[in-house]
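These notes are about the structure you will find just below.
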Amino acid sequence: MLIDSHAHLIDRRFAKDLGAVLDRAKENGVEVIINVGYDLESSFEAVNLAREYDFIYTAVGIHPHDAARVPEDYLGKLKEFCRHTRVIAVGEIGLDYYRKLSPRLTQRRIFREQLALARELDLPVIIHDREAHQEVMEILSKDKLPQAGGVIHCFSGDREMALACISMGFYISFAGPITFSKANQVHEVVVQVPLEKILIETDAPYLAPQSKRGQRNEPAHVRFVGEKIALLKNIPFTKVAAITTANAKNLFKISP
Ligand code: NI
């Protein structure tokens, strides 16, 4: 069994055939999906979706892209969502200096405020870091992490950063990009990071794996990520599935 630890089922691209997408996920051994919010609306809808499906859990949070357009009282709203038992993390939160859809200062403020919320509620955090490695690391080492820990999603840093994150108490999550043949840096990170610290994800509908490139990604494809890890580490796929599933359950406190 597998856990897709990061998908965006609220995305418009799933509006027409979500039922079929979830059926295919189950057929491909996906036992649990963590559905991740990126603004207040998607977080609210994600909470509602988790009421309908017992294998979908929810993370609520403001993505750095959306940092500039949050209302004044967004933290109160997020806190309200977190009262729901199916909300298991604050995310995705972090910094994105690649697309720069929100000013850097705003991104930093919204990131730190949500980190503080996660500490207050002791929920794990799901961190988004794109071309902002140094500042993400600075903030994470300055501000304390929640006791509950967290995960760096779709990890794109180097080996040193991965090991620093692990020593802070983070899990490292890998997505479709590890299936690309030329992704040498991230392949090295996969080899170096102990399996006990690894989660797998799709980030669907984004980041389709090599064999599905150009298509909409979906949770069923998380197995391609697991298979690539098995190949890179030269271990059986069943072991990757079992350990990454146990890791995700441990981080998000999902009972077996
Ligand atoms: Ni995402």
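The values are calculated or read from the model by the stated rules, or taken from the named source; none is laboratory data. It should be emphasised that the depicted structure is a prediction, and the values quoted were computed from it without experimental measurement. So basically every Cβ, Gly included, is an ideal-geometry build from the backbone, and we count neighbours across all protein chains shown. These area figures cover heavy atoms from the full protein model, side chains too; ligands, DNA and RNA do not enter into them. Shrake-Rupley method; radii C 1.70, N 1.55, O 1.52, S 1.80 Å.
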Could you give each residue of the stretch 182-194 its phi-based ³J(HN,Hα) in whole Hz, using Karplus coefficients 6.51, -1.76, 1.60 with θ = phi - 60°, and x for Gly or Pro? 9, 7, 4, 5, 6, 4, 5, 4, 4, 5, 7, 7, x
Whole-Hz ³J(HN,Hα) from phi, Karplus 6.51 cos²θ - 1.76 cosθ + 1.60, for the stretch 8-17, glycine and proline x: 10, 6, 7, 4, 3, 5, 9, 4, 7, 9
How much of residue 211 can a 1.4 Å solvent probe reach, expressed as accessible area in Å² and rounded to 10? 80 Å²
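Would you please give the FRET efficiency between residue 122 and residue 73, computed as 1/(1 + (r/R0)^6) with r the Cβ-Cβ distance and R0 = 22 Å, to the nearest 0.05?
Values: r = 22 Å, r/R0 = 1.00.
Rounded to the nearest 0.05, the efficiency is 0.50.
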Residue-ordered couplings for the stretch 198-205, obtained by feeding phi - 60° into the Karplus form 6.51 cos²θ - 1.76 cosθ + 1.60 and rounding to whole Hz (Gly and Pro as x), are 10, 10, 10, 7, 10, 6, 4, x
Per-residue SASA entry for residue 1, accessible area with 1.4 Å probe, Å² rounded to 10: 140 Å²
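Quick one: putting +1 on the C-beta of Lys and Arg, -1 on the C-beta of Asp and Glu, what dipole do you get for the chain around its Cα centre, in Debye to the nearest 20?
320 debye
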Which of the GluC sites (Glu not before Pro) found in the stretch 107-151 are in a DSSP loop and have at most 14 neighbouring Cβ atoms, other than their own, within 10 Å? 131
Gain upon complete extension [residue 227, residue 55; 0.36 nm per residue less C-alpha separation]: 59.7 nm
Restricting to lysines and to Cα separations under 27 Å from residue 249, and discarding same-chain partners fewer than 8 apart, the set is 26, 77, 79, 144, 197, 228, 233, 239
Probe radius 1.4 Å, ligands and nucleic acids left out: which of 201, 196 has the largest accessible area, and how do the rest follow? 196, 201
Value at 222 nm in deg cm²/dmol, rounded to 500, when DSSP H runs of n ≥ 4 in the chain each add -39,500 (n - 2.57): -13000 deg cm²/dmol
Under the 0.36 nm per residue contour assumption, what length would be gained going from the current alpha-carbon distance of residue 182 and residue 101 to full extension? 26.4 nm
